[in-house]
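Notes to accompany the following structure.
Each reported figure results from applying straightforward, stated rules to the coordinates on display, with no laboratory input. Model, not experiment: these values are computed from the prediction. Cβ coordinates were reconstructed from backbone atoms using ideal geometry, including for glycine residues, and neighbour counts include every protein chain displayed.
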Amino acid sequence: MKKKILFLCTGNSCRSQMAEGFAKRLGPGIFDVYSAGIEAHGLNPRAVQVMSEAGIDISKQTSDVLTKEMLNGTDLVITLCGDAKDKCPILPAGCQHVHWGLQDPARATGSKEEVMSKFREVRDEIAFRIQKLVSEL
């Protein structure tokens, strides 16, 4: 039976979108994967670009605000930032919560290449954590 996983961050624009993309790629048949945010900031084009570099197209994913209905039947909620962790609603009985405190690449400063480097760094960290999650199941 597939596990329902929800990735949650503040704006559902970068980290949770990348996590959704990797989990769908690395865990087919294992996970039903969703992502949401405390707010919806729209899909970040830099996240789309760095995921494309990794061979994963997230351009059709949508930036969604978390609803109580999304939590129904969810087995695991993974928060990707402190804001989402702090504002995460009470989870249904039986739902696990894991926190991955990752820097927000959308807040990176510097040259275009420095900003893209931060996006790639966060992308690679998410890929590593998703691979570990898959191997543990």
Legend entry - Fully extended contour minus Cα-Cα distance, from residue 113 to residue 72, at 0.36 nm per residue: 10.7 nm
Legend entry - Between region 1-73 and region 79-137, the Cα center-to-center distance that results, in Å: 11
Legend entry - J(HN,Hα) series, region 21-26, from Karplus relation 6.51 cos²θ - 1.76 cosθ + 1.60, nearest Hz, glycine and proline x: x, 5, 5, 5, 6, 8
Inset, instruction - Sort 5, 30 so the one with the fewest other Cβ atoms within 10 Å of its own Cβ comes first. - result: 30, 5
Legend entry - Computed P(r) (all Cα pairs; region 3-136; 10 Å bins; percent): 13, 48, 33, 6, 0
Legend entry - Candidates 95, 14, 81: whichever shows maximal mean-square fluctuation once the chain is modelled as a Gaussian network with Cα springs under 10 Å: 95
Inset, instruction - Provide the per-residue ³J(HN,Hα) series for region 10-19, in order, calculated from phi with Karplus coefficients 6.51, -1.76, 1.60 and θ = phi - 60°, each as a whole number of Hz, with x at glycine and proline positions. - result: 4, x, 6, 10, 10, 4, 5, 5, 5, 4
Legend entry - When each of 4/87; 60/87; 60/132; 2/68; 24/112; 85/132 is checked by Cα-Cα distance, pairs over 23 Å: 60/87; 60/132; 24/112
